[in-house]
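Here's the structure, in structure tokens; my notes come after.
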Amino acid sequence: MENFLSSPDVVRVKLPRNPVFCVRPAMAARAGEWFCANFPGKTFFAVKANPSPWLLSALMSGGLKKFETASIKEIRLVRSLSPKAEIAFMHPVKAPESIAEAYFEHGVRAFALDSEAELRKILKATENARDLTLCVRLSVPGGAAEIPLSAKFGARGGEAEALLRKTRQVAERLGACFHVGSQTADPQAFPTALQSVQQAVVRAGVILDVLDVGGGFPATYPGMTPPPMGAFVDAIEQYIETTMLVPENCELWCEPGRALSAEAASLIVRVEHRSGTALYINDGVFGALFDAGPLGWRYPVRHLGNPDGTGPMGEFSFFGPTCDDFDIMRGPFLLPETTDVGDYIEIGMLGAYGSTMRSDFNGFATHEDVIVEDMPFQTRFGQDRIAAASRG
């Protein structure tokens, strides 16, 4: 990849016709360093948020060497970059061939499940291996998340308790895992979920070796300014220390995805047409900006010919390049009122899910990656909480 000092330099030098991802590996490394130093357990990066090799390598350079995966392709990617990385296969429903390859070819020993059928599948695919860490996915409240993740996966009620007991009988290490939902705004969502997990574990009468609090750690977007990241870690740690009935040697895991990757990339787009306050740009819902469409995500933006935002500003919506009416991002996005055809706009916080969601619909899949050395729009990872030694 080419290197530039800043995103405005990219425009000045390249005048790009196609969208350009400005990647900031240093920001991913710093985020990984923060979690490894401040989370009181093991931090696994949720690869689904951004499987780009540059990002995974940057996280590794920041000390994060554990990865949560949802597919065999993600497992192969991580293993190709690091023969010693610790990998957990945490999708609750997996193909038997993927389980077998993960176990026998890539050394994966940690698997998630939320049903007895999946438990049987894992055991059969691993030939009844006795060295498995099996994490039962439990359904927990998720009302504080922008994107709830409790409808599709997670054992509930008596089913959960029975599954915990059955899994305890065959696992070398028994775990419980959950997900409070993506972009969780309230740190207390984790203690609320942990209380639900604790009740299930007590009723099941089992002892946990692993407690995985999942992801949901938030990034900052316009209209979404969550509490400091330390508040989420503190809420988890305080609940476990004062309330949670787990043995002293129980490992605590987390699986941040968005929090580790969002700040590490932005996107430069070009305005191809203007109609009133609608800007037709060369990327959209079928490209890197899916969340800005149906989810109404308001990414931070700046005009690269006027990066300081001087002069009168206006509220704009974006239309993507495809011929589909679904390709609309209503925003509003705050830009200079004079923004017009040929201007370049930088859209921030696209390190999470931007590159992952791209499709080739209508042939608009052409993106270029460049490295930039400037800071992102904002960061949640100051150095004040970095510990002297990484917790890993």
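The values are calculated or read from the model by the stated rules, or taken from the named source; none is laboratory data. Quick caveat: nothing in here was measured; it's all calculated off a predicted structure. Neighbour counts are summed over all protein chains in view; Cβ atoms, including those assigned to glycine, are modelled from backbone coordinates with ideal geometry. Just so you know, the surface numbers come from the protein's heavy atoms only, side chains and all, with ligands and any DNA or RNA stripped out. Shrake-Rupley method; radii C 1.70, N 1.55, O 1.52, S 1.80 Å.
Details
- Sparse-neighbourhood loop sites, trypsin sites (Lys or Arg not before Pro) in the stretch 151-254 - DSSP loop, at most 12 other Cβ within 10 angstrom: Lys152
- Net length available on complete extension from Glu105 to Asn3 is 33.1 nm, with 0.36 nm assigned per residue and the Cα-Cα distance removed.
- What the pair-distance distribution of the stretch 318-378 shows, using all Cα-Cα distances binned every 5 Å from zero, is 4, 10, 19, 26, 23, 13, 3, 0 percent.
- Sites Glu337 and Leu81 - FRET efficiency at Förster radius 41 Å, r taken between beta-carbons, to 0.05: 0.35
- Paramagnetic label zone (point 7 Å from Cα along Cα-to-C-beta, Lys73; backbone N under 16 Å) in the stretch 331-362: 353-361
- Theoretical FRET efficiency, 1/(1+(r/R0)^6), r = Cβ-Cβ of Thr242 and Thr356, R0 35 Å, to 0.05: 0.40
- Compared with the dominant Cα axis of the chain, that is its longest principal axis, helix 229-242 is turned about 10°.
- Most mobile of Ala29, Ala204, Ala219 in a GNM of the chain (Cα contacts under 10 Å): Ala204
- Inter-centroid distance (Cα atoms) of the stretch 159-230 relative to the stretch 25-82, Å: 20
- In terms of the mean number of neighbouring beta-carbon atoms within 10 Å, the peptides 74-80, 56-62, 135-141 order highest first as 135-141, 56-62, 74-80.
- The stretch 220-362 - Kirkwood radius from inverse mean 1/r over Cα pairs (Å): 17.1
- Set of the stretch 190-224 residues, backbone N closer than 19 Å to the point 7 Å along the Cα-Cβ line of Asn249: 206-212
- Note on the stretch 1-155: dipole from Cβ charges, positive end direction compared against Ile75, Phe89, Gly62; the farthest Cα belongs to Gly62.
- Listed residues Glu161, Glu251 arranged by accessible area, highest first, probe 1.4 Å: Glu251, Glu161
- With contributions of -39500 (n - 2.57) from each DSSP H run of at least four residues, the per-residue ellipticity at 222 nm computed over the chain stands at -8500 deg cm²/dmol.
- Cα long-axis angle, helix 25-38 against the chain (0 to 90 degrees, to the nearest 10): 30
- The mean of 1/r over all distinct Cα pairs in the stretch 1-45, once inverted, gives the Kirkwood hydrodynamic radius of 13.0 Å.
- Against the compact-protein benchmark of 2.2 N^0.38 Å, the Cα-based radius of gyration of the stretch 128-229 scales to 1.16.
- Partnerless cysteines in the chain, where a partner means another cysteine C-beta under 4.7 angstrom, comprise Cys22, Cys36, Cys250, Cys254, Cys323.
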